[in-house]
Structure formats: structure tokens, C-alpha cells
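Colleague: Below is one structure. I have some questions about it.
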Amino acid sequence: MSDKRVLIFDTTLRDGEQAPGCSMNLEEKILLARQLARLGVDAIEAGFPIASQGDFEAVREIARQIEGPIICGLARTNDEDVDRAGEAVREAERARIHTFIATSEIHMRDKLRMTREQVLEEVGRAVKRARGLCADVEFSAEDATRSDWEFLVQVYARAINAGATTLNVPDTVGYTTPDEYVELIRFLRANLAAGDDVRFSVHCHDDLGLSVANSLAAIKAGVRQIECTVNGIGERAGNTSMEEVVMALKTRNEFFEGCDTGIVTKEIYSTSRMLSAVIGIQVPPNKAIVGDNAFAHEAGIHQHGVLSNKLTYEIMTPESVGRAETELVLGKHSGRHAFAERLKELGFDPEKLDFNGAFKRFKDLADSKKTIYNEDIEALVTDQLLQVEEHFKLENLSVVSGTFATPTATVEMLINGDERKIAKMGGGPIDAIFQAIEELTETKARLLRYQVNAVTAGIDAQAEVSVALEEEGLRVIGQAADTDVILASAKAYVHALNKLVQRKSAGVASLRGV
Ligand code: KIV
Ligand code: ZN
């Protein structure tokens with residue numbers, strides 16, 4: 001591998017998933033892991049296997065099913081954690097165990113209650129044990145950027161001697177600055193006898209809004225693995241945003257002395273959208289690379305410039321990150337073969353889908369929408385892939401609303417096979433629908449968030465609705481897409497309720513890490 005190659009270690013399914021409201025179930029994690037493989041990430045940190053049975057199973061299933069990237073499981077330094085991570089990644093084509101322990105004075109004293117000597121012992125023992133289970137072992141000194149530099153040298157030296165192949169230097173609390181990080185990494189590299197087979201890595205949090213800048217600076221200092229997440233999700237202010245680092249390296253390649261990743265940049269936008277659909281959290285419109293406005297030129301002077309030469313205000317093309325709205329040359333008269341081909345182009349395997357169901361939905365969509373874009377097909381298939389068993393089924397819905405009428409919804413549902421119907425009034429049409437569904441399903445769940453997003457531009461765009469519910473500590477996200485925003489809202493609510501039933505019966509309290 002060239003010394004300019006920067007590995008992308010994606011931790012969306014581990015650190016990203018630990019953020020409030022970002023938890024995912026097994027099917028959702030597998031769906032995203034497939035897309036991450038298609039995106040070309042080098043490693044997927046799939047979870048924290050000791051955290052819960054659900055986390056263990058998610059890592060194991062991803063290890064079994066996903067080919068291409070390294071599949072990694074996180075572990076603290078105790079034997080139980082390391083063994084559990086080893087067991088979870090055992091069947092991966094390429095497996096990694098990532099073990100970590102805190103090294104800053106404040107963490108050692110107030111969290112671990114360990115001396116420096118004890119921490120050093122833990123490092124050596126855990127890395128050695130992990131190496132006994134797996135040839136690829138990463139070690140992280142948690143809170144490295146607030147740790148004593150001389151002590152860090154001792155810590156990483158211990159990890160190298162015990163067989164660590166990647167040394168990660170995390171900015172756990174988002175505290176460092178680019179210049180300081182460069183100095184630290186240069187200091188570590190100069191004082192450690194790390195052979196060519198040992199790679200330096202960084203893992204940054206965005207508490208001061210510096211995670212991407214810090215990660216890029218670290219590359220200048222010789223780091224060749226960046227830990228990051230799609231859309232920058234993660235603990236507190238989030239982690240380094242994958243798409244920003246990748247596109248900075250591509251766009252300013254000369255400045256970064258030829259350093260680049262193996263990311264298939266055309267997959268960036270669909271990956272971002274898939275994550276948003278799964279966790280029900282849209283990126284802000286001004287978010288770099290993937291935000292709605294990232295490539296929109298509103299000011300007249302800008303539009304004028306862009307019309308005469310795109311490069312006046314565009315440093316990269318929307319096409320390069322997969323944002324071109326490629327019109328589907330399929331319409332309502334097109335056949336199954338053409339639809340299957342487009343699904344394959346978009347990264348979905350028609351044989352692993354309910355193809356007939358997807359094709360029927362495509363036809364229905366083509367009846368109600370003039371132009372169908374790739375995003376429409378992605379929304380439709382994601383919607384279908386995220387379906388769960390239907391304890392509650394929406395049969396019919398009618399809504400009256402407007403300036404004269406009191407908003408009223410009549411909802412007919414199958415509740416565990418029994419047909420039931422009710423009419424309810426509300427403050428608005430969505431409130432009326434949700435009240436009706438709430439009464440029919442007798443749910444005690446609390447509505448945390450209701451969000452609508454247009455899948456594409458245009459008056460006939462599909463609405464993508466996500467609904468976050470909570471009951472007794474269990475949080476779920478329901479989502480649905482439809483050209484009818486009212487119907488999409490009802491379907492998303494019912495989807496969330498079905499997921500809640502599924503989670504309760506699986507007895508999975510949460511997939512979030514500890
Ligand atoms: O932020 C952090 O330090 C981590 C470690 C486990 C790498 O997430
Ligand atoms: Zn982290």
C-alpha cells in the first residue's frame with residue numbers, strides 16, 4: 001500500500017450509534033454496513049460487543065455477512081471484554097480487535113482509579129491477549145490529548161511490544177488544536193520505535209468544532225488512519241465527519257502531498273441519506289458536502305459566476321459526491337428487468353429484496369410522480385428494507401382539514417388481525433391522526449420527534465417522515481416515504497409502534513454502548 005494511502009476507519013455503528021437518538025437495531029446496522037462496504041471504507045467498527053447481547057450479535061452478523069472492509073469490535077482492557085470482541089469478529093474475512101484504556105491523569109485517577117503502572121500493565125496484557133485471538137489489533141490511549149506526553153510514549157511502547165498493529169491517538173473530549181496535535185504526533189513518532197507495519201491513527205471529537213481540522217493536520221504529521229463517522233454523528237458534538245475529511249483530501253490533494261483515501265466518493269451522498277433515514281436525523285442544510293444547500297448558489301452574483309464558469313464558486317462538483325439527480329429513464333411503462341438493473345446500479349441486490357413488492361411500489365410511485373430520481377428509488381427500497389413484522393397495520397385513512405373544518409382523522413387499522421376504526425379531532429391533521437392511532441393501538445409511547453423531509457426537489461416530491469418514540473427507556477425511530485405527506489406520517493408512526501413491539505419482545509433494552 002502506498003505511503004500516501006489514508007485508511008478510513010468508520011465508527012458510525014459504534015461511536016456514532018452511542019449518540020442520543022442514534023441507536024440502531026440489527027437489521028439497520030447490517031443495511032448500513034453493506035452501504036459502508038460499497039462506499040469503500042477500510043474498516044467498520046461495528047460495535048462494542050460486551051455492551052449488550054444486541055451489540056454482540058450486530059458485530060457478529062456484520063463480521064459474517066460483510067465482505068471487503070476489516071470488521072472491528074471494541075473492548076476495554078479486561079479479559080472478558082477482549083474475549084467477547086474476539087468472539088464477535090471471529091468469522092470476519094478480515095477481523096480486528098480495538099482495545100482502549102484512558103491515560104490522562106484525570107481519567108486514571110477519577111474514573112479508573114489506577115496508577116500509571118497499573119495502566120501500563122493493562123495495556124500490555126490486553127493487547128497480548130487480543131493478539132492471541134486476532135492478528136490485527138488496534139490500541140487507543142483514551143483522552144490521549146490531555147495525557148502526559150512522556151507517559152504516552154511508555155503506553156504506546158507497551159502496546160507495540162505486545163503486538164499492536166495500529167496506534168490510535170484519540171482526542172476524546174475534542175480538546176486539542178491542529179498545531180498542538182501535529183506536535184504531539186511528531187513527538188510520539190520520534191520517540192517510539194514503531195516499525196513500518198505499525199500505523200498511527202487519530203479519532204477526534206467535535207466539541208470545539210475542530211475534529212476535521214485536527215484529523216487533517218494529523219495526516220500532515222504522518223497519520224495514516226482517520227476514525228470518523230458518516231454525517232459526523234457521535235458522542236456529544238459528534239465525531240470527525242467522514243465526508244468532509246475525504247473530500248478535503250481529494251479537493252486539496254496537492255496540499256496534502258498526494259494523500260488520499262480509497263473512498264468511492266460517488267457513494268457519499270446516498271450513504272449520508274441512508275443513515276439519516278435509519279436514525280431519523282437529517283443533516284443541517286448548511287452541512288458541508290451533504291447538506292441541502294452545500295451546492296446551492298442563491299446570490300445573483302454567484303449564480304452569474306457559476307453560469308459562465310462553474311469553478312468560480314464550486315471547488316468540487318455535486319456529481320463527485322453522488323448528488324447529481326440522474327433522471328431515471330424508467331417510467332410507469334418500464335419493465336422489471338430495467339428496474340432490477342437500476343437497483344443493482346444503486347447498490348441493492350434485487351435477489352435479497354422483496355423484488356415484487358419493490359417493483360409494485362415503484363409502479364405506484366411512477367403513477368403519482370412525474371420524474372423519478374435515484375433518491376426516490378433509494379427511499380423506496382430503504383423504506384421496504386426497514387419494515388418489521390406488522391402487529392399494527394394501517395388499512396385506511398381519511399383526513400379533513402383546512403380553514404373551516406376542525407382537523408379530523410378517521411383511521412382504520414388491523415390490530416393483531418382485528419379490524420378497528422376510530423375518528424379523532426386534533427390541533428392539526430397530523431395531531432388528529434396520531435391521536436387516532438394512539439387510541440387504536442393503546443400505546444403508552446411518548447412522541448419525541450416528528451420530522452418531515454422532501455426526498456427530492458419538486459412539488460410532487462416524496463415526503464420522508466421520521467417519528468421517534470420512547471417507552472420505558474426504549475427509543476425507536478419509525479420512517480416512511482410517500483408522495484402524500486399525511487400518509488407518510490401515519491405510516492412512519494405505525495412503523496415506529498411496530499418496531500417498539502419487536503424490540504420489547506426481543507427483550508433488547510438498547511443497542512447503545514456502555
Ligand atoms: O473517543 C474515544 O476516545 C473513543 C475511544 C474508544 C477510541 O471513542
Ligand atoms: Zn470517541
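The values are calculated or read from the model by the stated rules, or taken from the named source; none is laboratory data. As the structure is a computational prediction, the values presented were derived from the model and not from experiment. Using ideal geometry, Cβ is built from the backbone for each residue, glycine included, and neighbour counts are taken over all protein chains shown. When the accessible area is computed, the model is the full protein with side chains, heavy atoms only, and any ligands, DNA or RNA have been set aside. Shrake-Rupley method; radii C 1.70, N 1.55, O 1.52, S 1.80 Å.
Colleague: So, in the stretch 451-462, exactly how many residues are in contact (Cβ under 8 Å) with a residue 40 or more places away in the chain and assigned to a strand (DSSP E or B)?
Modeller: Qualifying residue count, the stretch 451-462: 2.
Colleague: Can we say Lys128 is open to solvent by 30 Å² or more (accessible area, probe 1.4 Å), closer than 16 Å to Ala75 by Cβ and out of contact with any Leu (no Cβ under 6 Å at 6 or more places or on another chain)? Spell out how you get there, then give the answer.
Modeller: On the way: open to solvent by 30 Å² or more (accessible area, probe 1.4 Å): yes; closer than 16 Å to Ala75 by Cβ: yes; out of contact with any Leu (no Cβ under 6 Å at 6 or more places or on another chain): yes.
Spelling it out, Lys128 is indeed open to solvent by 30 Å² or more (accessible area, probe 1.4 Å), closer than 16 Å to Ala75 by Cβ and out of contact with any Leu (no Cβ under 6 Å at 6 or more places or on another chain).
Colleague: Let me ask you something else. Among the numbered criteria (1) modelled with pLDDT under 80; (2) open to solvent by 60 Å² or more (accessible area, probe 1.4 Å); (3) under 17 Å from Ser270 (Cβ atoms), which single criterion is violated by Glu319?
Modeller: Status for Glu319: all satisfied but (1).
Colleague: Restricting attention to the stretch 182-202, which residues are within 14 Å of ligand 1 (Cβ to nearest atom) and either open to solvent by less than 10 Å² (accessible area, probe 1.4 Å) or not assigned by TED's automatic domain parsing to the domain that holds Thr166 (or both)?
Modeller: Going residue by residue through the stretch 182-202, those that are within 14 Å of ligand 1 (Cβ to nearest atom) are 200-202.
Those that are within 14 Å of ligand 1 (Cβ to nearest atom) and either open to solvent by less than 10 Å² (accessible area, probe 1.4 Å) or not assigned by TED's automatic domain parsing to the domain that holds Thr166 (or both): Ser201, Val202.
Colleague: Another question about this same structure. Among residues belonging to the stretch 365-377 that are open to solvent by less than 70 Å² (accessible area, probe 1.4 Å) and out of contact with any Ser or Thr (no Cβ under 6 Å at 6 or more places or on another chain), point out the one that is farthest from Ser272 (Cα to Cα).
Modeller: Filtering the stretch 365-377 down to residues open to solvent by less than 70 Å² (accessible area, probe 1.4 Å) leaves 365-366, 368-369, 371-377.
Applying the additional criterion that residues be out of contact with any Ser or Thr (no Cβ under 6 Å at 6 or more places or on another chain) yields 365-366, 371-372, 376-377.
Numbers: Leu365: 23, Ala366: 25, Thr371: 22, Ile372: 20, Asp376: 15, Ile377: 15 Å.
Ranking the qualifying residues of the stretch 365-377, first place goes to Ala366.
Colleague: Could you pull out the residue among Glu351, Glu327 that is modelled with pLDDT of 85 or more, closer than 25 Å to Val264 by Cα and open to solvent by 60 Å² or more (accessible area, probe 1.4 Å)?
Modeller: Numbers: Glu327 fails: modelled with pLDDT of 85 or more.
Result of the check over Glu351, Glu327: Glu351.
Colleague: What number goes with the only condition from (1) more than 16 Å from ligand 2 (Cβ to nearest atom); (2) surrounded by fewer than 18 Cβ atoms within 10 Å (Cβ to Cβ) that Arg146 does not pass?
Modeller: Every condition holds for Arg146 apart from (1).
Colleague: Would you confirm, using the coordinates I've provided, whether Glu91 is open to solvent by less than 10 Å² (accessible area, probe 1.4 Å) and among the charged types (D, E, K, R)?
Modeller: Details: open to solvent by less than 10 Å² (accessible area, probe 1.4 Å): no; among the charged types (D, E, K, R): yes.
No; evaluated as a whole, the condition is false for this residue.
Colleague: Given (1) in a loop (DSSP other than H, G, I, E, B); (2) modelled with pLDDT of 95 or more, identify the lone condition not met by Thr145.
Modeller: (1)
Colleague: For Glu439, indicate whether it is at pLDDT 90 or above and not in a strand (DSSP E or B). Steps first, answer last, please.
Modeller: Numbers: at pLDDT 90 or above: yes; not in a strand (DSSP E or B): yes.
When the stated conditions are applied, Glu439 passes them.
Colleague: Would you confirm whether any residue within the stretch 260-276 is open to solvent by less than 50 Å² (accessible area, probe 1.4 Å), within 16 Å of ligand 2 (Cβ to nearest atom) and in a helix (DSSP H, G or I)? First the steps, then the outcome.
Modeller: Pass one, the stretch 260-276, residues open to solvent by less than 50 Å² (accessible area, probe 1.4 Å): 260-263, 265, 267-276.
This time we only want the ones that are within 16 Å of ligand 2 (Cβ to nearest atom), so: none.
Within the stretch 260-276 (the criterion being open to solvent by less than 50 Å² (accessible area, probe 1.4 Å), within 16 Å of ligand 2 (Cβ to nearest atom) and in a helix (DSSP H, G or I)), the answer is no, since none of the residues qualifies.
Colleague: Does Leu133 satisfy being away from ligand 2 (no atom under 16 Å from the Cβ) and in contact (Cβ under 8 Å) with a residue 40 or more places away in the chain?
Modeller: Numbers: away from ligand 2 (no atom under 16 Å from the Cβ): yes; in contact (Cβ under 8 Å) with a residue 40 or more places away in the chain: yes.
Yes.
Colleague: Ok, one more. Only one of these conditions is not met by Phe404: (1) buried (at least 18 other Cβ atoms within 10 Å of the Cβ); (2) in a loop (DSSP other than H, G, I, E, B). Which number is it?
Modeller: Only one criterion is unmet by Phe404, namely (1).
Colleague: For the stretch 199-207, indicate whether the set of residues that are farther than 30 Å from Leu31 by Cα, without any contact (Cβ under 8 Å) to a residue 40 or more places away in the chain and of a type outside the set (Lys, Arg) is non-empty. Steps first, please.
Modeller: Taking the stretch 199-207 first, the residues farther than 30 Å from Leu31 by Cα are none.
Checking the stretch 199-207: not a single residue is farther than 30 Å from Leu31 by Cα, without any contact (Cβ under 8 Å) to a residue 40 or more places away in the chain and of a type outside the set (Lys, Arg).
Colleague: For the list (1) at pLDDT 95 or above; (2) under 25 Å from Lys332 (Cα atoms), I need the number of the one condition that Lys393 fails.
Modeller: Only one criterion in (1) at pLDDT 95 or above; (2) under 25 Å from Lys332 (Cα atoms) is unmet by Lys393, namely (2).
Colleague: Here is a list of conditions, (1) closer than 24 Å to Leu365 by Cβ; (2) out of contact with any helix residue (DSSP H, G or I) (no Cβ under 6 Å at 6 or more places or on another chain), and Lys444 meets all of them except one; can you say which number that is?
Modeller: (1)
Colleague: If you don't mind, another one. Testing Gly47 on (1) under 23 Å from Leu500 (Cα atoms); (2) without any contact (Cβ under 8 Å) to a residue 40 or more places away in the chain, one condition comes back false. Which one is that?
Modeller: Of everything listed in (1) under 23 Å from Leu500 (Cα atoms); (2) without any contact (Cβ under 8 Å) to a residue 40 or more places away in the chain, Gly47 misses just condition (2).
Colleague: If I filter the stretch 440-454 for residues that are out of contact with any strand residue (DSSP E or B) (no Cβ under 9 Å at 6 or more places or on another chain) and surrounded by fewer than 15 Cβ atoms within 10 Å (Cβ to Cβ), do I get at least one hit?
Modeller: Of all residues in the stretch 440-454, those out of contact with any strand residue (DSSP E or B) (no Cβ under 9 Å at 6 or more places or on another chain) come to none.
Within the stretch 440-454, not a single residue is out of contact with any strand residue (DSSP E or B) (no Cβ under 9 Å at 6 or more places or on another chain) and surrounded by fewer than 15 Cβ atoms within 10 Å (Cβ to Cβ).
Colleague: Within the stretch 234-255, take every residue that is part of a loop (DSSP other than H, G, I, E, B) and open to solvent by less than 20 Å² (accessible area, probe 1.4 Å) and give me the one that is nearest to Ala221 (Cα to Cα).
Modeller: Of the residues in the stretch 234-255, the ones part of a loop (DSSP other than H, G, I, E, B) are 234-238, 240, 252-255.
So of that shortlist, the ones also open to solvent by less than 20 Å² (accessible area, probe 1.4 Å) come out as 234, 238, 240.
Values: Gly234: 25, Gly238: 23, Thr240: 17 Å.
The residue in question is Thr240.
Colleague: For the stretch 207-231, give me the residue count where each residue is part of a helix (DSSP H, G or I) and open to solvent by 10 Å² or more (accessible area, probe 1.4 Å). Explain how you work it out, then say what you get.
Modeller: Within the stretch 207-231, the first condition is being part of a helix (DSSP H, G or I), and the residues that meet it are 211-220, 230-231.
Cutting the leftovers down to open to solvent by 10 Å² or more (accessible area, probe 1.4 Å) gives us 212-213, 216-217, 220, 231.
The qualifying residues number 6.
Colleague: Same structure again: Taking into account only those residues within the stretch 148-164 that are in a loop (DSSP other than H, G, I, E, B) and free of Cβ contacts under 8 Å to residues at least 40 places away in the same chain, which is nearest to ligand 1 (Cβ to nearest atom)? Outline the logic, then answer.
Modeller: Taking the stretch 148-164 as the starting set, the residues that turn out to be in a loop (DSSP other than H, G, I, E, B) are 148, 163-164.
If we keep only those that are free of Cβ contacts under 8 Å to residues at least 40 places away in the same chain as well, we get 163-164.
Numbers: Gly163: 18, Ala164: 13 Å.
So, considering only residues that are in a loop (DSSP other than H, G, I, E, B) and free of Cβ contacts under 8 Å to residues at least 40 places away in the same chain, the one nearest to ligand 1 (Cβ to nearest atom) is Ala164.
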